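Laboratory data are not the source of any read-out in this text; all were calculated from the coordinates shown. Remember, it's a predicted structure, so these values are computed and weren't measured experimentally.
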Amino acid sequence: AQYGSCSLRRMSVMEVLELLDQLVDESDPDVDFPNSFHAFQTAEGIRRAHPDKDWFHLVGLLHDLGKVLVLFGEPQ
C-alpha cells in the first residue's frame, strides 16, 4: 500500500538509472564505476547469452532500480 500508489515521485527508467549513480551501494562500496553502468552491463551480458529473450534483457536492466529508495530514506 505504501509504494503501490507511486505518490512519492514519478520518474522514467532513465531518470532512475541516473539517480543510481548518486548512491554508494552497501553491497559493493568499492566499485569505481557508476551504478547505472552495472545495470547496462548486466542487460548487455544477458542479451549476448540469451538473444531471444528480450524480457530477460529488460529484467537485467531493471534489477537494481529499487536501490534508489535509499535516497528517499529507506534502508539498503
Relative contact order as a percentage, the chain, C-alpha pairs under 8 Å and 6+ apart, gives 30 percent
Sum of -39500 (n - 2.57) over DSSP H runs of 4+, divided by residues of the chain (222 nm, nearest 500): -12500 deg cm²/dmol
Considering the chain, what Rg and Dmax in Å follow from its alpha-carbon atoms? 13.5, 38
